[in-house]
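The values are calculated or read from the model by the stated rules, or taken from the named source; none is laboratory data. Since this is a predicted model, take the numbers as computed values, not measurements. Glycine gets a Cβ as well: all are built from the backbone with ideal geometry, and neighbour counts include every protein chain shown.
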Amino acid sequence: MSRGTLATVDIKALKHNLNTIRQHAPNSKIWAVVKANGYGHGAVSVAQVLTSLADGFAVSTFVEALELQQAGIDRPILLLEGCVTLDQTREAISRNMEMVIHNEIQLDWLKHIDNLSSQKIWLKIDTGMHRLGLSPETGRLWAAKLMREHGCKVAYITHFACADTPEHPFNQHQLDSFTPFTIQTDCEFSMANSAAIFSLPQSLGDWVRPGIALYGASPFSDKSAQQLNLIPAMTLTAPVIAIHQIPKGQHVGYGANWCAERNSTIATLAIGYGDGYPRHAGNGTPTWINGHIAPVVGRVSMDMLTIDITNIAGIDIGDDVELWGKNLSVDHVATHVSTIGYELLTRLSARIERVYN
Ligand SMILES: *Cc1c(COP(=O)(O)O)cnc(C)c1O
């Protein structure tokens, strides 16, 4: 039997969001990014939903890719961080996974593999973010070597540091640094994450790599998902499991951190930081119930949290409260807890039951 605390994933919303992305990048193929368990939505399920709509799936690691293949996903898969050992490299290639090569060690592993002809290798070029990648000069040398000596197909990939701030001059700097790679007509390239898909059309290229937009959250702090024609894919709900009348002056929760300033009605919900709801969500963090916003009061516990429903009529035990989703955007909740929607979604724990409809 279910505890009743659910992440309900809207299949139509996932498809709608992918179509919205297509409209912005009609000439690009789409790597649907399903790393980190599909941003908390369930990587395998998301990949199943999008299998005929996306051109492939991007994950961070070999283990994530393996999970998809073992679940029967047979679309192209890209490892965004590449492999971490020679054995893994061998296994990934034998499984037809496409991989990023971003450092010399990974390149060495590749050289130990016998037949690389027609294998596509994504060379990661560091255009200024300085997190992963080869300098443009090294990238050019390696590309030539891989193609000439190993018969590989080479494609180029880079990543924006500031695409969520389209007017930031660093975007043009990165575009310029990548130009030597984008003008090679015989090699594919990929630059754009969600933010760039919506704001930097000159970056679209052969493949785009949307993550957060697929899930219906906004990559921008100043533009809502709705403004981007994206629909929230996940609605996170928890049932009310207790309701208490708290007299003025009484405290609620650990640390007696919240004090009733009036006679209050407090509902306890079956969700806490053990489910991935942020413990640092302070008094006033919004939840949504029956068309009203109800603020979190008192500290978030491991399995429960408390909300103030004093002015909301008709709430009973068993009623569902939305923590984020269709009525309360994850981006809005995220601003209340000083983070971004990405983090709230990806931190949802395995204890949360995912349902798809
Ligand atoms: C996670 C990731 C993406 C997707 O980013 P979003 O902002 O979620 O669209 C794209 N490319 C790389 C290399 C990534 O690591």
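What the table below lists for this structure:
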read-out	value
Residue list for the range 39-53, restricted to those being in contact (Cβ under 8 Å) with a residue 40 or more places away in the chain and either within 26 Å of Ala155 (Cα to Cα) or not in a loop (DSSP other than H, G, I, E, B) (or both)	Tyr39, Ser45, Val46, Val49, Leu50
Residue within the range 341-353 that is part of a strand (DSSP E or B) and more than 16 Å from the ligand (Cβ to nearest atom) present	yes
Cross-chain or 6+ apart pairs with Cβ under 7 Å, the range 190-211 first and not assigned by TED's automatic domain parsing to the domain that holds Gly42 and modelled with pLDDT of 95 or more, then more than 8 Å from the ligand (Cβ to nearest atom) and among the basic types (Lys, Arg)	none
Residue that is farthest from the chain's Cα centre (by Cα), among those in the range 148-164 that are within 16 Å of the ligand (Cβ to nearest atom) and touching a residue at least 40 places away in the same chain (Cβ under 8 Å)	Ala155
Residue within the range 98-113 that is away from the ligand (no atom under 16 Å from the Cβ) and touching a Lys or Arg at 6+ places or on another chain (Cβ under 7 Å) present	yes
Residue in the range 238-258 that is in contact with a Phe, Trp or Tyr (Cβ under 6 Å, 6 or more places away or on another chain) and surrounded by fewer than 23 Cβ atoms within 10 Å (Cβ to Cβ) present	yes
Residue satisfying all of: in the range 111-128; under 10 Å from Ile93 (Cβ atoms) and touching a residue at least 24 places away in the same chain (Cβ under 8 Å); surrounded by the most Cβ atoms within 10 Å (Cβ to Cβ) among these	Ile121
Test set (1) more than 30 Å from Ser221 (Cβ to Cβ); (2) away from the ligand (no atom under 14 Å from the Cβ) - Leu123 fails condition number	(2)
Selection count, the range 311-344, where residues are among the small types (Gly, Ala, Ser) and surrounded by fewer than 17 Cβ atoms within 10 Å (Cβ to Cβ)	4
The listed residue being outside any strand (DSSP E or B), under 23 Å from Pro232 (Cβ atoms) and among the acidic types (Asp, Glu), out of Asp331, Asp316	Asp331
Residues of the range 62-89 satisfying the condition of being closer than 20 Å to Ile30 by Cβ and within 12 Å of the ligand (Cβ to nearest atom)	Glu64, Leu78, Leu79, Leu80, Glu81
Total residues in the range 55-74, condition charged (D, E, K, R), crowded, with 17+ Cβ neighbours inside 10 Å and over 17 Å from Val100 (Cβ atoms)	1
Contacts under 6 angstrom Cβ, first residue in the range 80-104 being in the same structural domain as Ala143 (by TED's automatic domain parsing), partner assigned to a helix (DSSP H, G or I) and within 16 Å of the ligand (Cβ to nearest atom), 6 or more apart	Gly82/Gln106; Cys83/Phe62; Gln88/Phe62; Ala92/Phe62; Met97/Ala65
The range 196-213: number of residues that are in contact with a strand residue (DSSP E or B) (Cβ under 6 Å, 6 or more places away or on another chain) and under 17 Å from Ala36 (Cα atoms)	2
Those residues of the range 193-213 which are touching a Leu at 6+ places or on another chain (Cβ under 7 Å) and either more than 8 Å from the ligand (Cβ to nearest atom) or among the charged types (D, E, K, R) (or both), in sequence order	Phe198, Gln202, Ser203
Selection count, the range 20-38, where residues are part of a helix (DSSP H, G or I) and more than 24 Å from Leu6 (Cα to Cα)	5
Residue satisfying condition, being of a type in the set (Gly, Ala, Ser) and assigned to a loop (DSSP other than H, G, I, E, B), within set Ala267, Ala242, Ala281	Ala281
Every residue from the range 127-169 that is assigned to a helix (DSSP H, G or I) and among the small types (Gly, Ala, Ser)	Gly139, Ala143, Ala144
Residue in the range 220-235 that is more than 23 Å from Ala334 (Cβ to Cβ), within 16 Å of the ligand (Cβ to nearest atom) and among the aliphatic types (A, V, I, L, M) present	no
